[in-house]
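The next block holds one structure in the form of structure tokens; read it before the comments.
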Amino acid sequence: MIDSAALIRSQILVETVDPAVYRENMRRALSGYFEDAETGVKKTVWPRAKVRILYCDMDVGDGVWAAQLFERQAEENRKNQKGRDVEVVTVEKANHFVHWDEPERFARLLAKIA
């Protein structure tokens, strides 16, 4: 039997988070810095970390749309010469279960983009 209360404990909470939280998380992930809440000082986190965003070309629209938003922000950061090394990678002929359906193919892709 499905525990319908699990939906209330998880997904609904995720969907009601203020969108500003998601925007700030995206900005931090792509820029590599944040402002300390107490001091207002910019702090760098993992300055040499690379960001690889994967999306599947046969996935639901939300995933493709989110990848496009990340790509636009990354392009803007590149123009301004700021932020992390970001690459958006299309996983062709796949949906969000590619890691389950084709684990060898997915592992090879991850090794290639690392």
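Relative to the Cα centre, the charge distribution of the chain, modelled as +1 at Lys and Arg Cβ and -1 at Asp and Glu Cβ, gives a dipole magnitude of about 640 debye. Over the residues of the chain, the helix contribution to mean residue ellipticity at 222 nm works out to -14500 deg cm²/dmol, using -39500 (n - 2.57) for each DSSP H run of at least 4.
Of Val41, Val89, Val98, which has the largest mean-square fluctuation in a 10 Å C-alpha GNM of the chain? The residue with the greatest mean-square fluctuation here is Val41. Could you compute the FRET efficiency for Arg9 and Glu87, with r as their C-beta to C-beta distance and R0 at 25 Å, rounded to 0.05? That pair, Arg9 with Glu87, gives E of 0.10. Within the chain, the proportion of C-alpha pairs whose separation exceeds 23 Å stands at 47%. As a calculated quantity, the FRET efficiency between Arg28 and Glu71 at R0 = 22 Å, using C-beta atoms, amounts to about 0.80.
Find me the longest stretch of the chain that has none of the exposed trypsin sites (Lys or Arg not before Pro), where exposed means in a DSSP loop (not H, G, I, E or B) with at most 13 other Cβ atoms within 10 Å. Looking at the chain, 1-47 is the longest stretch - no exposed trypsin sites (Lys or Arg not before Pro) with at most 13 other Cβ atoms within 10 Å. Springs between Cα atoms under 10 Å define the GNM used for the chain, and in it the highest mean-square fluctuation of Ala37, Ala74, Ala20 occurs at Ala37.
The chymotrypsin sites (Phe, Trp or Tyr not before Pro) of region 1-80 include none that DSSP puts in a loop with a beta carbon having at most 12 other beta carbons within 10 Å.
Label-to-label distance, Ala114 versus Trp100, with points set 7 angstrom from Cα along the beta-carbon direction: 2.5 nm.
Computed over the chain with a Gaussian network model linking Cα atoms closer than 10 Å, the most mobile of Gly63, Gly40, Gly32 is Gly40.
Every number in this text was worked out from the coordinates using simple rules, so none of it is lab data. What you are looking at is a predicted structure, and each value in this text was computed from that prediction instead of being measured. Here Cβ is always computed from backbone atoms with ideal geometry, including for glycine, and neighbour counts include all displayed protein chains.
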